[in-house]
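The values are calculated or read from the model by the stated rules, or taken from the named source; none is laboratory data. Keep in mind that this is a model prediction, so the values were computed, not measured. Don't worry about glycine lacking a Cβ; one is built from the backbone with ideal geometry, like all the others, and counts go over all protein chains shown.
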Amino acid sequence: MKETPSLFTDFYELTMAQIYFKKQITREACFEVSVRRLPEHWGFFVMAGLGEVASYLRAFRFSQSDIGYLRSTGQFSDDFLAYLTSFRPDVKIRALPEGTAFFPAEPILEVAGPLIDAQLLESYILNILGFSIIQATLAARISIAAQSAAVVDFGLRRCQGPVAALRSARGAQMAGLPATSNVFAANVLNYTPSGTMAHSFVHVHESQRQAFRHFAETYGEGSILLVDTYDSVEGIKDAADVAGELYDDKHLKLRGIRIDSGDLLELSRFARRYFDERSLSFLKIFVSGDLDEFKIDDLLRRGAPIDGFGVGTRFAVSRFAPAIEIVYKLVQYGDRGVSKNSPGKQTRPGRKSVTRIKNAYYTRDVVRSFQIQMNDVLKPFESAEDMQTIQQRLIGELSLLEDSVKAIRNPATYPVEFRDDSDE
């Protein structure tokens, strides 16, 4: 039987749902998703993951196998399990469109429907949105740091599982990173696959030059030669020799080299001088090796002549922000607004609208009681948008954020105002 996603939940979602069912606590409820605070050095978030949320809602059901497992726990009655057999969540969603910038504490997604329906979706929606938002935001930060240089996602082998790798690649795609090494993600996402060679490719050849020659003869102008298997300076020289020979013999312009270790600033400077002195200015310089937005920013600020970056581990696992405090909280039950008052975890009651104030740039967000209005940033959501629309939205959003909010280190705080009806 086809697998279903309904058991991807925390056990207490089901134990609560059983009581709601038996006691007929089933009025309309509204849950709100927000993120409590930004990671250190982050000035904004990017909304992501809605396409996967839509797929989850379409697939949600309890199979006979699921029901059998729940029965085996001894915690659920036959009448409740019979109810789950035909259960399909009937909810309406409002959300920030994917690619929208957002900020702490403001609502980014609202789930409204019968209490059981909305409650049971909590755990997996948070699972989907949390890492998707992290990776889209981190990819945007990396793109900002890289300025006009190309950045490729190399993170597959270090990601915590295939699903995380797919979400990571999609975040990179949203932020306009041009390619991924993840072939599965490239296929699923209609994303460009990219790759060069591994050190093992060089090892199995009798010489580094032979390895470079074989690769270049096969892939021609798309060839990028990995130069740091042995000595990086000698690798740069060997790559230049092979590139020069192919240019002289066939007028073939190889694409460039990749440096994966060592002092990337000095090695890139050496490579640029060496290539230019030999009339090989067409060779591009790509670097990789434990890079993140901070290292990329530092390299370019120091004048490194680097044309592109590969980001792996630190991007794929979001080393400096591996989790965010994303929460799914009840804000309204029936016609009664509800809130949480725990220190550091307070929520505000009732459904809400978010308005973004703009002059030349965005100046602040205003969160107030729900109003049907055209300029509400939270929009009804039913299905995923195409990637080009999302990418263009993110480009526009970043262009409207002040540079100080987008700073890689110590960004300015973007103001979010919360207004009561009495403030109007």
Open item on the list: Would you confirm whether or not the stretch 332-354 contains a residue that is within 30 Å of LEU129 (Cβ to Cβ), basic (Lys, Arg) and free of Cβ contacts under 8 Å to residues at least 24 places away in the same chain?
Closed with: yes
Task: The listed residue being of a type in the set (A, V, I, L, M, F, W, C), modelled with pLDDT of 95 or more, part of a helix (DSSP H, G or I) and within 30 Å of ALA407 (Cβ to Cβ), out of ALA136, ALA54 - done: ALA136
Open item on the list: Take ALA101 and tell me if it is among the hydrophobic types (A, V, I, L, M, F, W, C), surrounded by 14 or more Cβ atoms within 10 Å (Cβ to Cβ) and in contact with a Phe, Trp or Tyr (Cβ under 6 Å, 6 or more places away or on another chain).
Closed with: yes
Open item on the list: Among the residues that make up the stretch 233-240, is at least one of them surrounded by 14 or more Cβ atoms within 10 Å (Cβ to Cβ), touching a Ser or Thr at 6+ places or on another chain (Cβ under 7 Å) and touching a residue at least 12 places away in the same chain (Cβ under 8 Å)?
Closed with: yes
- [ ] Please tell me if PHE212 is under 18 Å from ILE285 (Cα atoms), modelled with pLDDT of 95 or more, in the same structural domain as PHE286 (by TED's automatic domain parsing) and hydrophobic (A, V, I, L, M, F, W, C).
- [x] yes
TODO: Read through the list (1) free of Cβ contacts under 8 Å to residues at least 24 places away in the same chain; (2) part of a helix (DSSP H, G or I), then give the number of the only condition that GLN173 fails.
DONE: (1)
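Here is a yes/no grid of residues against (1) at pLDDT 95 or above; (2) surrounded by 15 or more Cβ atoms within 10 Å (Cβ to Cβ); (3) within 18 Å of PRO114 (Cα to Cα); (4) out of contact with any Ser or Thr (no Cβ under 9 Å at 6 or more places or on another chain):
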| position | (1), (2), (3), (4) |
| --- | --- |
| PHE11 | yes, no, no, no |
| GLN18 | yes, yes, yes, no |
| THR26 | no, no, yes, yes |
| TRP42 | yes, yes, no, no |
| ARG61 | yes, yes, yes, no |
| SER72 | yes, no, no, yes |
Open item on the list: Considering only the stretch 384-391, I want to know if a residue exists there that is on the phi > 0 side of the Ramachandran plot and not aliphatic (A, V, I, L, M).
Closed with: no
Open item on the list: Based on this model, can you work out whether SER65 counts as surrounded by fewer than 18 Cβ atoms within 10 Å (Cβ to Cβ), of a type in the set (Ser, Thr, Tyr) and either touching a residue at least 60 places away in the same chain (Cβ under 8 Å) or under 30 Å from ILE372 (Cα atoms) (or both)?
Closed with: yes
- [ ] Quick one: count up the residues across the stretch 93-123 that are within 25 Å of ASP66 (Cβ to Cβ) and of a type outside the set (Gly, Ala, Ser).
- [x] 10
Task: Matching residues in the stretch 28-56 - criterion: being farther than 27 Å from GLN392 by Cβ and touching a helix residue (DSSP H, G or I) at 6+ places or on another chain (Cβ under 8 Å) - done: GLU28, ALA29, CYS30, PHE31
- [ ] Kindly establish whether ARG269 is modelled with pLDDT of 95 or more and either β-branched (Val, Ile, Thr) or over 23 Å from the mean Cα position of the chain (by Cα) (or both).
- [x] yes
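Are there helices (runs of 4 or more DSSP H) fully within the stretch 302-420 with at least 1 residues that are closer than 23 Å to ASN127 by Cα and at pLDDT 95 or above? List them.
313-316, 387-399
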- [ ] Would you point out the residue of the stretch 241-282, among those that are touching a strand residue (DSSP E or B) at 6+ places or on another chain (Cβ under 6 Å) and assigned to a helix (DSSP H, G or I), that is surrounded by the most Cβ atoms within 10 Å (Cβ to Cβ)?
- [x] ALA271
- [ ] Would you check which residues across the stretch 1-43 are of a type in the set (Gly, Ala, Ser) and not in a loop (DSSP other than H, G, I, E, B) and list them?
- [x] ALA17, ALA29, SER34
Task: Extreme residue, surrounded by the fewest Cβ atoms within 10 Å (Cβ to Cβ), among residues of the stretch 202-223 that are of a type in the set (A, V, I, L, M, F, W, C) and more than 17 Å from GLY262 (Cβ to Cβ) - done: VAL204
Open item on the list: Name the residue that is nearest to GLN147 (Cα to Cα), counting only residues in the stretch 293-333 that are of a type in the set (Asp, Glu) and out of contact with any strand residue (DSSP E or B) (no Cβ under 7 Å at 6 or more places or on another chain).
Closed with: ASP297
TODO: Filter the stretch 140-164 down to residues that are small (Gly, Ala, Ser) and more than 28 Å from PRO5 (Cα to Cα) and give me whichever is surrounded by the most Cβ atoms within 10 Å (Cβ to Cβ).
DONE: ALA140
Task: Residue under evaluation ASP335, criteria (1) surrounded by fewer than 18 Cβ atoms within 10 Å (Cβ to Cβ); (2) under 26 Å from the mean Cα position of the chain (by Cα), criterion not met - done: (2)
